[in-house]
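The next block holds one structure in the form of structure tokens; read it before the comments.
The values are calculated or read from the model by the stated rules, or taken from the named source; none is laboratory data. Keep in mind that what you see is a predicted model, and the values were worked out from it rather than measured. Cβ placement follows ideal geometry from the backbone for every residue including glycine, while neighbour counts extend to all protein chains displayed. Surface areas here come from the heavy atoms of the whole protein model, side chains and all, with no ligands, DNA or RNA. Shrake-Rupley method; radii C 1.70, N 1.55, O 1.52, S 1.80 Å.
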Amino acid sequence: MAPSITYITGPQLLSLKSHPNTAIIDVRDDERSSDGHIAGSLHFANATFLNKLPSLVEATKDKDTLVFHCALSQVRGPKCARRFVDYLAAAKDVGVKNVMVLERGYNGWQASGMPVCRCRDDPCKGV
């Protein structure tokens, strides 16, 4: 059975992101390069998300928790999380146990004073 989607707050994600079985998926498009990002996040832009689903599954095969976000996590983040869950269900892949969306997205994360990375690495190697 495919996982359901839940929401997570910035402080909850801050404590969870140090776990090696967690991946943060940034689905913003071009704004990632100018606005910064959550350290250690993987970038799978909304504009090409459907085409990159197999790559996302491969990149996160050792993870059991994925946290999606966009700028505000109102449209792109939840939509991509749902597409990922639907893809897993169709593929009968149940390795991922938790699919979450970051409340208030990257903008809320940054506005709350959470740590931001401005590297240009893809994937981000920050911690």
Odd one out for PRO123 among (1) within 14 Å of the chain's Cα centre (by Cα); (2) at pLDDT 90 or above; (3) open to solvent by 30 Å² or more (accessible area, probe 1.4 Å):
(2)
Could we say that LYS52 is of a type in the set (Lys, Arg) and without any contact (Cβ under 8 Å) to a residue 24 or more places away in the chain here?
yes
Residues in the stretch 19-49 that are hydroxyl-bearing (Ser, Thr, Tyr) and touching a residue at least 12 places away in the same chain (Cβ under 8 Å): how many?
3
Among the residues in the stretch 84-91, are any in a helix (DSSP H, G or I), modelled with pLDDT of 95 or more and either β-branched (Val, Ile, Thr) or closer than 19 Å to GLY126 by Cβ (or both)?
no
Residues satisfying the stated conditions in the stretch 74-98, i.e. without any contact (Cβ under 8 Å) to a residue 40 or more places away in the chain and touching a helix residue (DSSP H, G or I) at 6+ places or on another chain (Cβ under 6 Å):
TYR87
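Would you mind finding the one in ALA71, ALA47 that is open to solvent by 30 Å² or more (accessible area, probe 1.4 Å) and either of a type in the set (A, V, I, L, M, F, W, C) or in contact with a strand residue (DSSP E or B) (Cβ under 7 Å, 6 or more places away or on another chain) (or both)?
Answer to the selection: ALA47.
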Quick check on the stretch 106-115. Is at least one of its residues of a type outside the set (Ser, Thr, Tyr), in contact (Cβ under 8 Å) with a residue 24 or more places away in the chain, open to solvent by less than 40 Å² (accessible area, probe 1.4 Å) and in a loop (DSSP other than H, G, I, E, B)?
yes
Quick test of your reading of the structure: VAL96 fulfils all but one of (1) touching a Phe, Trp or Tyr at 6+ places or on another chain (Cβ under 9 Å); (2) at pLDDT below 95; (3) of a type in the set (Val, Ile, Thr); (4) outside any loop (DSSP other than H, G, I, E, B). Name the failing condition by number.
(4)
